[in-house]
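*Asks:* Got a structure for you, written out below as structure tokens; questions coming shortly.
Throughout, read-outs are computed from the coordinates displayed, never taken from laboratory work. Just so we're clear, the structure is a prediction, and the values are computed from it rather than from any experiment. Note that we place each Cβ from the backbone using ideal geometry, even for glycine, and neighbour counts take in every protein chain shown.
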Amino acid sequence: MEKLYTVEDIAKMTMFTTRTIRNHLKDGLLTGRKIGGQWRFTHEDFKKFWDQGCVGENIKSEKKQEVLDFMDGIFAEYTGEIQGCSIIDIYRPIELAIKLRDELIQLTDTDDSHFKRFSYEYDESEGKARFILFGHPRYIGEAMKILCGEEVG
């Protein structure tokens, strides 16, 4: 059975608010289906949403602010936990970058008690994928293993 994401899941993975996600639904940038009155999204719905240019630019802008906020100690949503932020640039073809992004989506979606988020953007002119990881050091370590092509386990 295919995993379905909620509005809250999509918000968590993009670092958008649930209100912003609902606005994207209303504007048609994000598609999904209602099940029992609740929006649900497939992995493919999420990928299509993420791959849109305007969404990517909004994510890019918000990610820069998130990194600045992290550096300034403004990450109040996660007070009291060990927190990390890493920026990783990988110079690879877009197909590999998308594969890595999809693997990180699955890692980020796992159920555990640690917070974890990431952002992704691809610069075709440079052939560069940029991943910004936020989360507990265990999550960042597991994400780094994926990005470096190591077995996670």
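*Asks:* Go ahead and collect, in residue order, the members of segment 6-45 whose backbone nitrogen is under 15 Å from a label point 7 Å along the Cα-Cβ direction of Asp69.
*Replies:* Only 11-21 pass the distance filter.
*Asks:* Further, regarding this structure: Between Gln52 and Asp89, what FRET efficiency comes out of the Förster formula 1/(1 + (r/R0)^6) with R0 = 30 Å and r the beta carbon distance, rounded to 0.05?
*Replies:* The computed FRET efficiency comes out at 0.85.
*Asks:* While we're here: For Lys3, give me every one of the lysines with a C-alpha distance below 21 angstrom, ignoring sequence neighbours fewer than eight places off in its own chain.
*Replies:* The qualifying lysines are Lys12, Lys34, Lys47, Lys48, Lys99, Lys116.
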